[in-house]
Structures are given as structure tokens and as C-alpha cells.
Amino acid sequence: MTMQTAWPENVIARYLTVGGATVTIWDADQWTPAAATCGGCSASNEDGGVNSSDPRRWAQSHAETCRAIPKPA
Ligand SMILES: [Zn+2]
């Protein structure tokens, strides 16, 4: 299996937002449930709101609406 870029081991999916940022879904571990966070605006499904109980659905819908531009590295 080849990967485009190295992802941290606990990242299970990434979504590109309309603003060019990335929403990352982190896999659950023994301490925390799976969670999605936006690299553009720092929003997270853990903030609550629509689809907040489903990180994948939250990531998909957030990526479609977030226009925050990622901070340069
Ligand atoms: Zn965002």
C-alpha cells in the first residue's frame, strides 16, 4: 500500500475544506473517542452541533462549508 504523504498512525481520514484547510479524523484510542478537528478554524465535532456525534459526517459537512484558510506552516 502506498500513501501520498505520511499521516500520523492515528489519523483515519482527512477532508479538504473549500478554504483549502484539512479536516482530520483521529481514531479512537483507549482514552478518547474518535474525533474530527479542522486545521483551518480549529473547530471540532466535540464542540457540538449538527452531526457532532459522528466524526465522519461532521468532517464531511464542515469541509463543505469552512472557508478558513490554513495558517502557513
Ligand atoms: Zn473549519
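Would you check the accessible area of residue 14, probe 1.4 Å, heavy atoms only, in square angstrom rounded to 10?
The value for residue 14 is about 90 Å².
I need two numbers for the chain: Rg to one decimal and Dmax as a whole number, Cα atoms only, in Å.
Radius of gyration, then largest Cα-Cα span, for the chain: 12.1, 36 Å.
Restricting to bridges with both residues inside the stretch 11-65, how much of the DSSP beta-bridge set is antiparallel, in percent to the nearest 5?
If we restrict to bridges inside the stretch 11-65, about 100 percent are antiparallel.
Calculate the spin-label point distance for residue 12 paired with residue 46, positioning each point 7 Å from the Cα along the beta-carbon direction, and give it in nanometres.
The modelled label-to-label distance comes out at 1.6 nm.
Percent relative contact order of the stretch 11-65, based on C-alpha pairs within less than 8 angstrom and at least six residues apart?
That works out to 32 percent.
Would you mind getting the accessible area per residue of the stretch 11-65, heavy atoms of the protein chains only, 1.4 Å probe, in Å²?
57
How much net charge surrounds residue 19 when only the other residues with a Cβ under 15 Å from the Cβ of residue 19 are counted, with Lys and Arg +1 and Asp and Glu -1?
Residues near residue 19 contribute +2 overall.
Could you check how much of the accessible area of the stretch 11-65 is carbon and sulfur, as a whole percent, using a 1.4 Å probe?
49
Along the Cα→Cβ direction, 7 angstrom out, place labels at residue 31 and residue 54. What is the inter-label distance in nm?
2.9
Would you pull out the residues with amide H under 5 Å of residue 36's amide H, same chain only if 5 or more places away, H placed 1.01 Å from N?
26, 45, 46
The values are calculated or read from the model by the stated rules, or taken from the named source; none is laboratory data. Predicted model, so just to flag it, every value in this text is computed and none were measured. Positions of Cβ are backbone-derived with ideal geometry, glycine not excepted, and every protein chain shown enters the neighbour counts. Remember, those area values only see protein heavy atoms, side chains included, never the ligands or the DNA or RNA. Shrake-Rupley method; radii C 1.70, N 1.55, O 1.52, S 1.80 Å.
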